[in-house]
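Participant: First, the structure itself, so that you have it in front of you.
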Amino acid sequence: MAGKESVIHTMVTIDWRIRRIGQTVFTVWAVITLSFALVRLMPGSIMGSMVSRLAQQGYNPAQIRELIDSRLTIDPDQPIPAAYAEYTINMLQGNLGESVYYAEPVVDILARALPWTLFVLSWAVFISFFIGIAVGALMAYWEGGKLDVGLTSYAVVIGSIPYYVLAILLLIFLAYHGPFPSSGRQPAGVEPGFTWVYISGIIEHAALPIISMLVASGVASLGMRGNSIRVLGEDYLRVARLRGLSDIRISTQYVSRNAILPMYTTFLISIGEMFGGSVVLEQVFQYRGLGFYLFSALNQRDYPLMMGGFVVITVAIVIALLIADLTYSLVDPRAGGQNNESY
Amino acid sequence: MTDTNRDHRTDGGNAVDGDASPFDIVSEYEETEADKLRKLYDAYVYTPIAIIWTDWRARIGFTIMLGYVLMGVVGPTFVEQTEVLEGPALAAPFETMEYPLGTDNMGRDLLSQTIYSTNTILKMVAAGATSTVLIGTIVGSIAGYKGGMTDTVLSSITDVFINIPGFPLVMVLGLMFDDVLLGNPWAVGLLLSVAAWGGLARSIRSQVLTLRQESFVESSRAMGLPTRTIVFKDIIPHLMPFVVINLTNAGRRVIFEAVALYYLGILPFQNLNWGSILNLAYGANAHTRLAALHWFLVPMVAIVVISIGLILLGQSLDRVFNPRVRARHEKTTAEVDDEVEDGHTVGGL
């Protein structure tokens, strides 16, 4: 009998994972379609304004057609369904067109920028959730005590400071009037490689963007507190206290393990928000990552780079979420199946 | 529960005198229109305010928000719009009564700029928060209640909007529609809600999934009421606490994103707002000299304080609806209630 049950269980799990992957594919498709619609279909569309700008610069129609085709990977004379099919195929093959401003393929620019953004993001996510979860668990455990009230007010205040406000303040006090570099992503005049000077230089440049993103941890710990309070009513905690276990052990092993799980959605959504936030932060600190190029493309009206940046950021988030979701069922065996959505 | 005299029946109802069927009994009291109005006022206006007022968070939050609303709505009629070369360049704050918050590099009064900005920002918040919550609630409750194919379609759309990074999408759309958005704060609010409703729709949906099993929904369905009526009359009223709390979160988000868009200079501006003040300060390199620091600090403080007000308000509204929120979240409600009598908010965000 056990064998049969486990077979059914495996089938449900596979079904859920396939559905989740299908959902990812659907999102990627939706984003590509959305970008095509913005470029080609909307009234006053991007392609229209590029064509008229090129015409003003004195290109003849044949040259314009060729330029648009190579930059946007859309042939203006093609009927819309054919253009859409070609655009989608190009996108899937990694051909995102050519940047007007930098005059090189969009993919090359973005591929150089992506690792730097991921570097900053992964540290920020890691540190903020570590702090948020630890502090939140303690807060909930000492519910109503002075420490809790103090920390809650702290979290309210921290949650009220937009990350870019903190970033500007850090830039003023720690970069322009302090030891940290005010722009760039790596030390000037140092050979890239595994040398101490280079690595410490990179960390120095990334430090302020990472600290700015940590602001999210205030919000994270509030969510954690709410979840912890729910767990606190459980009987096994009373038993644990009766057994005389230490506060630290109860809060880390008993409360946090069970309260972290519902935090997962918050965690997932915050990855997306941090990615979005990186656009602003990289501009503030002139940190040449994905967001920086997306912003500079917006400023220069460099539409191919702008659309490429948008699609790449979205795909990066969607894949990150997919990986997180699939691995989550390893952390919490109850996850997956029907209940997957509701938390 | 101990009052056993009143509960004669096992289901907790009262025994009826004599042989009269419960359906034949006429109420002893007659209710006039005025009574009804007073009851409505008691239930929806007086009681919530009375509960809220006992909480320090609420008092602070309400006062802050009232201050901003006054500043945004009444302020512009008392304070003149500032002009270039009105005062000395970069006058420091808190030194003269004429320019209480100092001036910028062109001698424009920062207090006046802040007051006029508040007006613009409040319009964005009103439009953005309302439309975010409306779309999220309607999509989420219809998806959750209808189920089946409708649910699959609506949930897939919701998932796409949750997964697409909100800020970059808003940036791109903002650039494309910049002529519509110029000088129209309501439109900016609407734009910002495009990327914000997904998360709310998902959580509303999962709450509706439990509500749809309730007997009162089932009886409405058995009576053959149309879906529209069931969703709007039976289900959404039960979600109101959650929806109202999310209104404050949505408002905070609108402020943060709008200010970021204007700070980066992605959206063109006619009317000043806190973001465009930051943008002007950054453009004038105010971050490289400490003498111009107040140019940044004034709009920043305005943003942080209104956000504190919104968070505190949200947490205290949580309390108004708390009996239900608690009962839903805690297993040992009765015991915990005694211990946490002073009612710390549960699940603040």
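Participant: Comparing the chain by itself with all protein chains present, which residues of the stretch A:167-189 are at least 30 Å² less accessible (probe 1.4 Å)?
Facilitator: In the stretch A:167-189, residues shielded by partner chains: A:I168, A:L169, A:I172, A:F173, A:Y176, A:H177.
Participant: Rounded to the nearest 100 Å², what is the buried accessible area between B and A, both sides summed, probe 1.4 Å?
Facilitator: When B and A are taken together, about 5100 Å² of accessible area is lost.
Participant: Taking R0 as 35 Å, what's the FRET efficiency between B:N271 and B:V305 from their Cβ-Cβ distance, rounded to 0.05?
Facilitator: Using R0 = 35 Å, I get an efficiency of 0.95.
Participant: Counting Lys and Arg as +1 and Asp and Glu as -1, what is the net charge of the other residues whose Cβ lies under 12 Å from the Cβ of B:I230? Write down the numbers at each step before the final one.
Facilitator: On the way: positive: B:K146, B:R212, B:R221, B:R228, B:K233; negative: B:E214, B:E218, B:D234.
Net local charge, B:I230 excluded: +2.
Participant: Which whole-number percent gives the relative contact order of the stretch B:56-317, counting Cα pairs below 8 Å spaced six or more residues apart?
Facilitator: 27 percent
Participant: Could I ask something else about it? State the percentage of accessible surface on the stretch A:23-92 attributable to carbon and sulfur atoms; use a 1.4 Å probe and exclude ligands, DNA and RNA.
Facilitator: 63 percent
Participant: To continue, here is another question. Which residues, if any, in the stretch B:130-165 have at least 30 Å² less accessible area in the whole protein complex than in the isolated chain, probe 1.4 Å?
Facilitator: Listed by number, the residues meeting the 30 Å² cut-off are B:D159, B:V160, B:N163, B:I164, B:P165.
Participant: Let me ask something additional. Could you calculate the FRET efficiency of A:I89 with B:A126 from 1/(1 + (r/R0)^6), where r is the beta carbon distance between them and R0 is 35 Å, rounded to 0.05?
Facilitator: 0.20
Participant: Over the stretch B:56-317, what percent of the accessible surface lies on carbon and sulfur atoms, probe 1.4 Å? Each step should come with its number before you reach the end.
Facilitator: Working: 6890 of 10480 Å².
After summing per-atom areas, the C and S share lands at 66 percent.
Participant: Could you order the peptides B:171-180, A:160-169, A:235-244 from most to least packed, using the average number of other C-beta atoms within 10 Å per residue? Before the final figure, lay out the partial values.
Facilitator: Numbers: B:171-180: 18.2, A:160-169: 22.6, A:235-244: 11.2.
So the order, starting with the most tightly packed, is A:160-169, B:171-180, A:235-244.
Participant: Another one. If amide H atoms are built 1.01 Å from N in the plane of the peptide, which residues on other chains or at least 5 residues away come under 5 Å of the amide H of B:M106?
Facilitator: B:L90
Participant: Can you tell me the length gained on complete extension of the stretch A:L242 to A:V197, counting 0.36 nm per residue apart and subtracting the Cα distance? Each step should come with its number before you reach the end.
Facilitator: On the way: separation 45, 0.36 × 45 = 16.20 nm, distance 5.37 nm.
Full-extension gain reported as 10.8 nm.
Participant: Now for a different question. Hey, what's the stretch B:56-317 come to in accessible area per residue, 1.4 Å probe, Å²?
Facilitator: Per residue, the stretch B:56-317 has an accessible area of 40 Å².
Participant: Rolling a 1.4 angstrom probe over the protein chains, ignoring ligands and nucleic acids, what is the accessible area of B:L169 in square angstrom, nearest 10?
Facilitator: Per-residue accessible area (B:L169): approximately 10 Å².
Participant: Let me ask something additional. Please give me the summed charge of the neighbours of A:S99: other residues whose Cβ is under 10 Å from its Cβ, Lys and Arg +1, Asp and Glu -1.
Facilitator: Every neighbour counted, the sum reads -3.
Participant: Given H placed 1.01 Å from N in the peptide plane, which residues other than close sequence neighbours of A:E98 have an amide H under 5 Å from its amide H?
Facilitator: A:R71, A:L72, A:T73, A:V106
Participant: To continue, here is another question. Tell me the relative contact order for the stretch A:64-128 as a rounded percent, counting alpha carbon contacts under 8 Å between residues six or more apart.
Facilitator: Working: 46 pairs, mean separation 13.7, N = 65.
Normalised by residue count, the contact order of the stretch A:64-128 is 21 percent.
Participant: Let me ask something else. Using the charge dipole of the stretch B:56-317 (Lys, Arg: +1 at Cβ; Asp, Glu: -1 at Cβ; taken about the Cα centre), state which of B:P100, B:I164, B:P268 has its Cα farthest towards the positive end.
Facilitator: B:I164
Participant: Moving on to the next point. Modelled label-to-label distance, A:R53 and B:T63, 7 Å Cα→beta-carbon offset: nm?
Facilitator: So the label points at A:R53 and B:T63 sit 5.2 nm apart.
The values are calculated or read from the model by the stated rules, or taken from the named source; none is laboratory data. What you are looking at is a predicted structure, and each value in this text was computed from that prediction instead of being measured. Because the Cβ atoms are built from the backbone with ideal geometry, glycine has one as well, and the counts that use them run over all protein chains shown. The accessibility values were calculated without ligands, DNA or RNA, using every heavy atom of the protein model including side chains. Shrake-Rupley method; radii C 1.70, N 1.55, O 1.52, S 1.80 Å.
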